[in-house]
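Each value in this text was obtained by applying a stated rule to the coordinates, not by laboratory testing. Everything numeric here is computed off the predicted structure, so don't read it as measured data. With ideal geometry, Cβ positions are generated from the backbone for all residues, glycine too; neighbour counts draw on all protein chains shown.
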Amino acid sequence: MVLDPVSQRPHASLGRVLDDLGTTLLELVHGNVDRTGVIGGITIHDPLEEPVLPQHALVLGIGLHEQAEVVRLLHDLGRHEATGLVLRAPVALSRELAAAAEESGVALLGLTPGASWAQLAAMLRSLLAEDDVGDAGRETLGGMPSGDLFALANAIAALLDAPVTIEDRNWRVLAFSGGQDEADASRVATILGRQVPERYSRVLTELGVFRTLYRNDRPLYIEPVTETLDSFTMPRVAVAVRAGDEILGSIWAAVSAPLSEERTVALCDAAKLVALHMLRIRAGADVARRLRTDLLSTALEGGAGARDALHRLGLADQPVVVLAMATPDSTGAEATAVTERQRLADGLAMHLNAVHSRCAAALLGDVVYGLIPVSREDEAERRVVRIATDFLDRVGDRTRAVIGIGPRAQDAADLVAARASADRALRVLRSRKDGVRRVARLVDVHVEALVLELRDLVAARGDGPTGTVARLLAYDAEHGSALVGTLRAWLDAFGDVVGAASSMGVHPNTFRYRLRRLAEVGDIDLADPEARFAAMLQLRVVAPA
C-alpha cells in the first residue's frame, strides 16, 4: 500500500489488489507489481472508442482474445502510462506477448474462469475507495484505515488463522481476506459471486442458523452441511456485527475446528470494530455525496476555485463535456419530485461511473449535472449524446427525463460557458410537450433556444402584440372568429392551403375565404416576405399559443 505524501491517505497499488483478490479472482501473468505504483482508476476497454484513461489506470480487457490485438493494446496502454491489463484466464503467454508487456511496462493479469467482469469491477472500485472524493484527512479506526474492510478482513484472518468474509444483512460479500482457496468450494462460489449463493442461504435459513446468529452476541459454530450441500465441507464460525440493536451484517470464518476462548474473544472484539467501519462507510456515503455536490457546483460556477474543485474531482488537465438532466416542468408534489430527482442523480452517477471512473454527477437545485472526461477528438459531444441516450433508454419512459449536452470544455475556464449551453438545450427539451426528443446539444435546438430567450425579453419589457397580430386578436375576441389560428396554420404550412385547411379541420374553400378576410382585417400583404416574417415572429414570441 502506498501513502499519498500530502494527505497520508492509503492508496491501493497493484500489489495490494493481488494480495486481497488473488488467487481467488486474479493471477499475475507477467509484470512487476512493485514497478507500477498506485492505481489511478478502473477502465473498461472498448475497441470502438478512443481511450480516455485516468492516470495509472487498471484496464479490464473484456472480450479480448486475439494475441495481436492484445499486443497492440499493451503498446497503447504503455503510452498512456496504464498500470495493468486484465484478460480472461487462461492467458497464453507467448514470447511476443511477454515482450510487449515488458516493453510497455503494463502488468498482465488473468481473471479466473467463472468470475464475472461486473463483479471484478465492483470489487476493485470498492477496494480502491474511489468514492472518497476530496478526502484529505488521515483517519483510522482501531488502527485500520477508516472504511477499509478488505484490510480489516485480512487482519481478522491473521488473528483467527482462517479465511474470512465480511457480509451485510442480505448476505452480500462486502470484503474478504486472502487465502480463500484454502476453504471449500462453497466459499469459493460465494467469493466469485460476491453473494452467498441462494441454495446455501436457503439451507442455513431452514436450519435456523441466521436466527440464532442474530440473537446472540457470541460467535456461532456451524458444522458442515454435507448431507444437503456437498460443497460445504468445512465448519464455519460466524458472529453478528451490531450497532446497538441494529444488525449491520456478520463475519464468517472457514475453520477446521471450534475456536479457542482467546480467539473467540478476539472475534467478538473484531465484530465491534467492523461495526464502526461499516457505520463510517454508511455515514461517509452521505458526506461524499454532499462534498461531490459542492465540488461540482464550484467547478461549474467558474472563478478562482473551479480548477481546484476539478482537481479534487480527478478531472483536472483534461477536456470534459457537461450534461444537464431534468424532468419536464410539472405540477406534481414537491416531495415526490425531490425524491425522483435524487434517484435520477444516483442512477446517472452510477451509469457514468461505468463509462469512466472519473465521471462526476450531482443534483444542483432541480437539475442533475454531469462531467464526463473525453478525448480531444471532434466526436466527443456525439459520444456523450450516445451515453446520455443509453441512460434514458435504460431508465425508461416513467421518469420522462431529458438531457442537454454542452460543448467540450478544454479547461476550467470553459466550464461556465459549457454549462450555459447545456442549460439552454435542456430548457428547450423541458418546454416541449411532445417528448419525442429527449437528448440534444445546443446546436441541435439553437433556434428554439433563441425563441425562448426572445419570449423572456418580451415578457421582461411588458411588450404586447402590435400591428397585424394585434388587429386580428381584437377581431377574434369581438366576433368569436379564428383568424389568428388561420394565419398561424397558413404560415406553418408554408402557404399550402390544402394542408393548412386539413390541420384546422375545414374545407380548403372555407380556409381561402378566411385567408382573404384576415388579410383585410389585419391589413397585411401575404405576398410580402417581410410582413410574413413579422407576423410569424409575433405569433411565436409575443403571442404564443
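Using label points projected 7 Å from each Cα along Cα→Cβ, tell me how many nm separate A474 and S502, to one decimal.
The modelled label-to-label distance comes out at 3.7 nm.
Of [x] 24.5, 84; [y] 31.2, 104; [z] 24.7, 76, which one was derived for Rg and Dmax of the Cα atoms in Å from the structure shown?
The listed entry that was calculated here is [y].
Restricting the count to DSSP beta bridges whose residues both fall in the chain, what percent are antiparallel, rounded to a multiple of 5?
Bridges in the chain that DSSP calls antiparallel: roughly 75 percent.
Give the angle, between 0 and 90 degrees and rounded to the nearest 10, that separates the Cα long axis of helix 415-431 from the longest principal axis of the Cα atoms of the chain.
Taking Cα atoms only, the helix is inclined about 60 degrees.
Per-residue HN-Hα couplings for the stretch 401-409, Karplus 6.51 cos²θ - 1.76 cosθ + 1.60 at θ = phi - 60°, whole Hz, x for Gly and Pro?
6, 10, 9, x, 10, x, x, 5, 9
Specify the angular offset, from 0 to 90 degrees and rounded to the nearest 10, of the alpha carbon long axis of helix 508-522 from the longest principal axis of the alpha carbons in the chain.
It works out to around 70 degrees.
Against the longest principal axis of the chain, how steep is helix 334-355, in degrees 0 to 90 to the nearest 10, with axes from Cα atoms?
Orientation of helix 334-355: about 60 degrees from the principal axis.
Write down Rg/Rh for the stretch 464-542, rounded to two decimals, with Rg from the C-alpha atoms and Rh from the Kirkwood relation over Cα pairs.
Answer for the stretch 464-542: 0.93.
Can you give the local net charge around L518? Use residues other than it whose beta-carbon is closer than 13 angstrom to its beta-carbon, Lys and Arg +1, Asp and Glu -1. Walk me through the numbers on the way to the answer.
On the way: positive: R471, R488, R512, R514, R516, R517, R532; negative: D476, E520, D523, D525.
Summing Lys and Arg as +1 and Asp and Glu as -1 gives +3.
Could you pull out every residue, at least 5 positions away or on a different chain, whose amide H is within less than 5 Å of the one on L207? Hs are placed 1.01 Å off N in the peptide plane, and Pro or chain starts have none.
Long-range HN contacts for L207: none found.
What does the helix-only formula give at 222 nm for the chain: each DSSP H stretch with n ≥ 4 adding -39500 (n - 2.57), the total divided by the residues, and the result rounded to the nearest 500 deg cm²/dmol?
-15000 deg cm²/dmol
Roughly how many nanometres apart are two label points built 7 Å out from the Cα toward the Cβ at H75 and A420?
4.6
Excluding V188 itself, calculate the net charge of residues whose Cβ lies under 13 Å from the Cβ of V188, where each Lys or Arg counts +1 and each Asp or Glu counts -1.
My count for the surroundings of V188 gives -1.
Local charge sum around V173 (other residues, Cβ-Cβ under 11 Å, Lys/Arg +1, Asp/Glu -1)? Walk me through the numbers on the way to the answer.
On the way: positive: R172, R187, R194; negative: E167, D168.
Charge balance near V173 sits at +1.
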